[in-house]
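The values are calculated or read from the model by the stated rules, or taken from the named source; none is laboratory data. Everything numeric in this text was worked out from a predicted model, so none of it was measured. In this analysis, Cβ positions are derived from the backbone assuming ideal geometry, glycine residues included, and neighbour counts consider all displayed protein chains. For accessibility, only protein heavy atoms count, side chains too; no ligands or nucleic acids. Shrake-Rupley method; radii C 1.70, N 1.55, O 1.52, S 1.80 Å.
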Amino acid sequence: MTDQVDNNSLDRAAVIEIVVAGVREALVLASPEAETTELTEETRLIGAGAVLDSLGLVTAVLEIEQRLADEHDLVVVLADERAMSQKHSPFRSVGALTDYVLRLAAENTHA
Amino acid sequence: MPEAAVPVALVTGARKGIGRYLAEHLLARGYQVEGCSRGPADWEAEGYRHHELDVADEGAVKALFAEIQKRQGRLDVLVNNAGVASMNHVLLTPDATAARLLGTNFHGTFLMCREAAKVMRRRKYGRIVNVSTIAVPMQLEGESLYAASKGAVETFTRVFAREVADFGITCNIVGPTPIETDLIRNVPKDKIDGILQRLAIKRLGRFEDVANVIDFFVRPESDYVTGQVIYLGGVS
Ligand SMILES: NC(=O)c1ccc[n+]([C@@H]2O[C@H](COP(=O)([O-])OP(=O)(O)OC[C@H]3O[C@@H](n4cnc5c(N)ncnc54)[C@H](OP(=O)(O)O)[C@@H]3O)[C@@H](O)[C@H]2O)c1
């Protein structure tokens with residue numbers, strides 16, 4: 001049903017775009033007036049120097065999940081147990097989160 | 001993305017009992033109603049759609065909300081009514097029963113709340129009502145696991161209500177007294193009578209009593225009411 005992956009359109013560039021859009025949305029919601037921060041693969045999402053606070057991270061993760069569902073019919077829970085228990089959290093940066101999404105997407109197709 | 005013109009409600013455990021009544025009640029109040037239970041519903045109504053799923057199955061719950069988001073574009077109300085009970089002395093309670101009670105009553109409620117809040121926050125509006133029982137405050141003997149599973153729902157609800165307040169979502173609890181459904185069919189009559197005698201208002205509960213409290217919680221005007229429990233029958 002809904003958890004089929006549209007593989008063709010889900011390349012790395014597409015996922016980065018979604019992750020950046022999700023983070024951007026969270027930043028705008030947190031402070032609509034603030035100047036736009038530049039977001040790159042290295043942008044840190046949690047820990048020291050992170051662009052998001054804890055509520056911001058929640059918003060970003062949900063925005064990313066929703067964009068994946070809406071635009072690519074990919075239904076995943078990003079905050080799964082593996083993600084939450086990894087020493088190097090996939091939420092640490094835009095690039096790491098992108099890789100994690102791609103990994104979940106690949107698992108989803110083989111499931 | 002399409003958005004239904006009328007409010008949309010999801011009622012879990014809508015195949016029979018209180019859940020079926022609530023689904024029909026919300027339909028009569030103008031909602032589009034999505035319902036679920038493990039088995040197929042043996043009733044139908046215009047505006048009602050039944051989904052066969054176990055509320056404790058994460059994959060099925062995720063798929064349900066993705067489908068509702070796609071088809072309806074909104075979710076205004078969620079009533080976490082699906083529940084199972086088992087009346088037994090704790091020394092005679094099988095481990096599997098404990099897992100089943102916590103699975104449906106608590107874990108199912110958690111999954112439903114989590115996924116519903118993701119859909120509701122998109123429109124910055126949501127009303128969630130969880131169903132507990134007077135067995136929690138009355139500490140009814142023979143219902144330790146059942147009461148504990150609902151006690152977990154109550155604590156979860158209070159914290160969750162705080163966490164989703166920023167998203168325009170409220171989450172409250174109704175705690176019914178005994179109501180004649182299959183759930184309490186096997187409870188001896190003298191046990192039920194004993195419970196009724198301890199209520200402030202000494203009678204069985206009715207479906208309407210539950211619906212009345214839910215109506216209050218889900219009104220748009222109740223946006224300043226969250227994390228609260230209302231027990232029926234004058235129990236506190
Ligand atoms: N009746 C009372 O005296 C009383 C008192 C206090 C509180 N409550 C609470 O009120 C709620 C409704 O109870 P009720 O009396 O209406 O019970 P009921 O007549 O036994 O109905 C329970 C409903 O929940 C569904 N259900 C059970 N396990 C499920 C699961 N894992 N996933 C999805 N659906 C599930 C059942 O359908 P399927 O079998 O098809 O899944 C059924 O539609 C429960 O939460 C109960 O704890 C009842």
Report task. Considering only chain A, give the helices (runs of 4 or more DSSP H) lying wholly within it that have at least 3 residues that are among the charged types (D, E, K, R). Result -> A:12-30, A:54-72, A:94-110
Query raised in the report: What is the number of the single condition among (1) more than 11 Å from the ligand (Cβ to nearest atom); (2) open to solvent by less than 20 Å² (accessible area, probe 1.4 Å); (3) touching a helix residue (DSSP H, G or I) at 6+ places or on another chain (Cβ under 8 Å) that residue B:26 does not meet?
Result: (3)
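Only one of A:67, A:82, A:44 is open to solvent by 20 Å² or more (accessible area, probe 1.4 Å) and either of a type in the set (A, V, I, L, M, F, W, C) or within 13 Å of another protein chain (Cβ to nearest Cβ) (or both); which?
Details: A:82 fails: either of a type in the set (A, V, I, L, M, F, W, C) or within 13 Å of another protein chain (Cβ to nearest Cβ) (or both); A:44 fails: either of a type in the set (A, V, I, L, M, F, W, C) or within 13 Å of another protein chain (Cβ to nearest Cβ) (or both).
Matching residue, one of A:67, A:82, A:44: A:67.
Considering only region B:43-63, I want to know if a residue exists there that is part of a loop (DSSP other than H, G, I, E, B), more than 14 Å from the ligand (Cβ to nearest atom) and either within 14 Å of chain A (Cβ to nearest Cβ) or in contact (Cβ under 8 Å) with a residue 40 or more places away in the chain (or both).
Filtering region B:43-63 down to residues part of a loop (DSSP other than H, G, I, E, B) leaves B:43-47, B:53-57.
From what's left, more than 14 Å from the ligand (Cβ to nearest atom): B:44-47.
Going one step further and asking which of them are either within 14 Å of chain A (Cβ to nearest Cβ) or in contact (Cβ under 8 Å) with a residue 40 or more places away in the chain (or both), we end up with none.
Checked region B:43-63: no residue is part of a loop (DSSP other than H, G, I, E, B), more than 14 Å from the ligand (Cβ to nearest atom) and either within 14 Å of chain A (Cβ to nearest Cβ) or in contact (Cβ under 8 Å) with a residue 40 or more places away in the chain (or both).
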Query - Residue, nearest to the other protein chains (Cβ to nearest Cβ), within region B:152-186, restricted to residues that are away from the ligand (no atom under 12 Å from the Cβ), touching a helix residue (DSSP H, G or I) at 6+ places or on another chain (Cβ under 9 Å) and of a type in the set (Gly, Ala, Ser) - result: B:168
Report summary line: The one condition residue B:195 fails out of (1) touching a residue at least 40 places away in the same chain (Cβ under 8 Å); (2) more than 10 Å from the ligand (Cβ to nearest atom); (3) over 30 Å from residue B:66 (Cβ atoms) is (2)
Report task. Within region B:146-160, track down each residue that is among the hydrophobic types (A, V, I, L, M, F, W, C) and under 13 Å from residue B:82 (Cα atoms). Result -> B:153
Query raised in the report: Quick one: which helices (runs of 4 or more DSSP H) sit completely within region B:123-233 and have at least 3 residues that are more than 17 Å from the chain's Cα centre (by Cα)?
Result: B:144-164, B:189-197
